[in-house]
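Structure, as structure tokens:
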Amino acid sequence: MWPLAPSAMLFLLGGILLCGEMAEPAGGLLEVTIGAFTELKLDQASPTEILVRNIPQNFSFLLFQVHTQFQNVTLSLSKIPSKNDSDTGSDTGLVTILQPEQVVCTWYLESASPKQLVASAVTIPYTERDPIPGACNLEFSLDVYPNLHLQYNLYETVIEFAPANLGHARGQSAPACDVKTDLNSRWRLLYDVYQYFLPENNLNESTLLTHLRRMSMVQQVMANGMKLATLTSSDLPSVSFASIPGQGVIYSVIVRDPVLNTSAAYVPVHTYACNFTAAVDNCYTLGKVSTKIFFTFCGLIGLFLCFFGHRFLKTDFFFVGFVIAGFLMFVLLTRVTQLGYDARLGLTALSGVVGGFLLVASWWRCGSVYACVLPVGLVLGFLLASVVFFTPIGEYEVFRDSRVFWMTFSAITAGSVLLLPLPKILNILSCALVGSYTVVLAIDSYLYTSLSYITLNVLKRALNTEFSAAYTSVPFQTNDFIMIALWAVLLVAGAGTQFYRERERPPFPPTPYLVWKRDRERRKTNVLDPSYHLPPLKDRVLLRLAQFREIFRREQPAGERTPLLL
């Protein structure tokens, strides 16, 4: 046995050989070193035979894994792959249980891609005390399935894995998986789930393969990954996360034996939550034109409201009505119809316009300050509640219950009503905060930033009931810190500007309908008022049309044009 703990020795070995080996030619025989990362070049013409020699006797099993960016490769234990001894994927691996006196191990690797592709491979050894990942597999094709099965959609990314089993020495039979459930069985094992974000806006293949090296061995995963959950053997071996299209994420699972204090890592899996080969909306062309147009207009209006919202109340109320009606209509259309995204977005915009006009009409006709500022406060409360659940508070287990989540969310949203006795302050704060955040959303439609998920996660939860079980952590990198700083500057500058400009003005103007009615009566009775002598509407329209036609009428030149008579 090793003088150091197996995991510590593996970490040391991985650190020494972290630089890996140079790329090998496609096809033929390739001899690799245990613990060293090797860069491979694969093609469809000739499979590659991977060979490991001089395996120490204290190793009980080997985990060989290979990774590509998105192309599938087939890894097998025999030259002719079969269902029971091979696996295909972009992140795949096989466990080889070593026999007594075995010092050589072989795997076969081939690609179905007509083009040559680059892959990264590594062989990781484990001792008889280490648990065997996926050794109690009952769902997937292999007897021992050490891989993480990943699926994603627009809302969530789900990983599943096969339960592990206790380790055993060479030549001994594996412990039974489900005969007993005491501490001497595999039911004592624990599973730690880790997440690792790749650099944002980076779809580079070499970057992915480099960072995968940090999530392949136990000590590296614990040092670099972010631990999200610990599952027991009685839990369902499945974890869901919020999908982040275009953002590379690596997931890894470590199985721990708390009695022997040993552990082993499953084959890490990665995703960008998008398709590299799709003709439309692939990883390189994310973001629909309709979305960019929609949020660009919203961002321009939001920027205006951030600095001048309280002065131009009708624009302020129109935007708030637009946001409320549009959000509700988008949720309704998505849940009850099968319309395409562009059609839903168009109907959302139309519904928002109608909702905006209704709120403006309510203000114009009724002029109730509190009734019209209430929706403004609710939008502010919605954004504040979204920010609260965007923090680590949103990851608390209690909020995975949808009833608890929506009750708490509604309570925080309704908390903005506490400022309703101060409608001017409430309206200015709402204009500054909501308007500046709309600018952030507009920028996000062109340049990725995690701040868009403040509200997007809430929208996903409203659209998909299963999203409540997903972990919603997102990366915070350079773009995000820049956008936070921009948001803060806009918020402070917008609120400060409006409070300064409105400091000596009345909190709200008089009711528009009463002003209009008063002016109409004044025009009827005051003959000295120039507006009293306005011609009828029909005559004014005809006059405007005549003036418009004059623009296109050709000007006649001055001077005599008749030829002189001789």
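The values are calculated or read from the model by the stated rules, or taken from the named source; none is laboratory data. Quick caveat, the model's predicted, so the values are computed rather than measured. Cβ sites come from the backbone with ideal geometry, for glycine too, and all protein chains shown count toward neighbours. Ligands, DNA and RNA are stripped out before the accessible areas are found, and what is left, the full protein with its side chains, is counted by its heavy atoms. Shrake-Rupley method; radii C 1.70, N 1.55, O 1.52, S 1.80 Å.
Rolling a 1.4 Å probe over the protein heavy atoms leaves Phe70 with an accessible area of roughly 80 Å².
Given 0.36 nm per residue, what is the gain on full extension from Glu139 to Phe499 after removing their alpha carbon distance, in nm? It would help to have the intermediate numbers written out before the result.
Working: separation 360, 0.36 × 360 = 129.60 nm, distance 6.33 nm.
Using 0.36 nm per residue and subtracting the Cα-Cα distance, I get 123.3 nm.
Peptides 143-155, 406-418 ranked from most to least packed, by the mean per-residue count of other Cβ atoms within 10 Å: 143-155, 406-418.
Distance between the modelled labels on Glu550 and Ile393, one decimal in nanometres: 6.4 nm (7 Å Cα→Cβ projection).
For Ser173 and Leu51, a Förster radius of 30 Å and the Cβ-Cβ distance give a FRET efficiency of 0.60, rounded to the nearest 0.05. Pairs spanning more than 21 Å between alpha-carbon atoms, out of Lys227/Lys460; Lys83/Lys180; Lys314/Lys517: Lys227/Lys460; Lys83/Lys180.
Backbone amide hydrogens, once placed in the peptide plane, bring Phe276 within less than 5 Å of Cys283, excluding anything fewer than 5 places away on its chain. When the P(r) of segment 63-161 is calculated, the portion above 19 Å amounts to 47% of the C-alpha pairs. Full extension of the segment from Val404 to Ala278, taken as 0.36 nm per residue of separation minus the current Cα-Cα distance, would add 41.4 nm.
Quick check: from the Cα gyration tensor, does segment 257-299 come out rounded (a/c under 1.5), prolate or oblate?
On the way: a/c = 9.39, a/b = 2.69, b/c = 3.49.
It is oblate, given that a/c is not under 1.5 and a/b is not larger than b/c.
Available extension along the chain between Leu514 and Thr232 is 94.7 nm, counting 0.36 nm per residue and deducting the alpha carbon span. Accessible surface of Tyr108, taken over heavy atoms with a 1.4 Å probe and every protein chain present, rounds to 40 Å². Heavy-atom surface analysis with a 1.4 Å probe gives segment 29-93 a carbon and sulfur content of 47 percent of its accessible area. Angle check, please: helix 453-463 long axis (alpha carbons) against the longest principal axis of the chain (alpha carbons), in degrees 0 to 90, nearest 10. Approximately 90 degrees, to the nearest 10.
Within the shell of other residues whose beta carbon sits under 14 angstrom from the beta carbon of Arg503, the net charge comes to +2, with Lys and Arg scored +1 and Asp and Glu -1.
The calculated FRET efficiency for the pair Asn201 and Tyr370, based on their C-beta separation and a Förster distance of 35 Å, comes to about 0.20. Report summary: the helix-based calculation at 222 nm, which adds -39500 (n - 2.57) for every DSSP H run with n ≥ 4 and divides by the residues of the chain, gives -12500 deg cm²/dmol.
Please report the carbon-and-sulfur percent of the accessible area for segment 107-204; probe 1.4 Å, protein heavy atoms only, DNA, RNA and ligands left out. Please list the in-between numbers first.
Values: 1990 of 4060 Å².
Taking all protein chains in place, segment 107-204 shows 49 percent carbon and sulfur surface.
For Lys288 and Leu29, what does the FRET efficiency come to when R0 = 60 Å and r is the distance between their Cβ atoms, rounded to the nearest 0.05? Please report the intermediate quantities before stating the final value.
Values: r = 48 Å, r/R0 = 0.81.
Result of the calculation: an efficiency of 0.80.
Expressed as a whole percent, the accessible area of segment 396-497 that falls on carbon and sulfur atoms is 75 (1.4 Å probe). In segment 431-487, Rg over Rh equals 1.01, where Rg is the alpha-carbon radius of gyration and Rh the Kirkwood radius from pairwise Cα distances.
Distance distribution note for the chain: the fraction of Cα pairs above 47 angstrom is 35%. Across the chain, where is the longest run that never hits GluC sites (Glu not before Pro) in a DSSP loop with at most 14 other C-beta atoms within 10 Å? Of all site-free stretches, the longest is 140-503. Taking every alpha-carbon pair in segment 296-421 and binning the separations at 5 Å intervals from zero gives 2, 10, 15, 19, 19, 17, 12, 5, 1, 0 percent.
Note that the chain presents 51 Å² accessible area per residue, ligands and nucleic acids not counted, probe 1.4 Å.
In the assembled protein chains, Lys79 presents an accessible area of approximately 150 Å² (probe radius 1.4 Å). What shape does segment 104-157 have by the C-alpha gyration tensor, where a ≥ b ≥ c are the square roots of the eigenvalues, rounded means a/c under 1.5, and otherwise prolate means a/b greater than b/c and oblate the rest? Oblate.
For the listed peptides 284-291, 439-446, 117-124, a ranking on the average number of other beta carbons within 10 Å per residue, highest first, reads 117-124, 439-446, 284-291.
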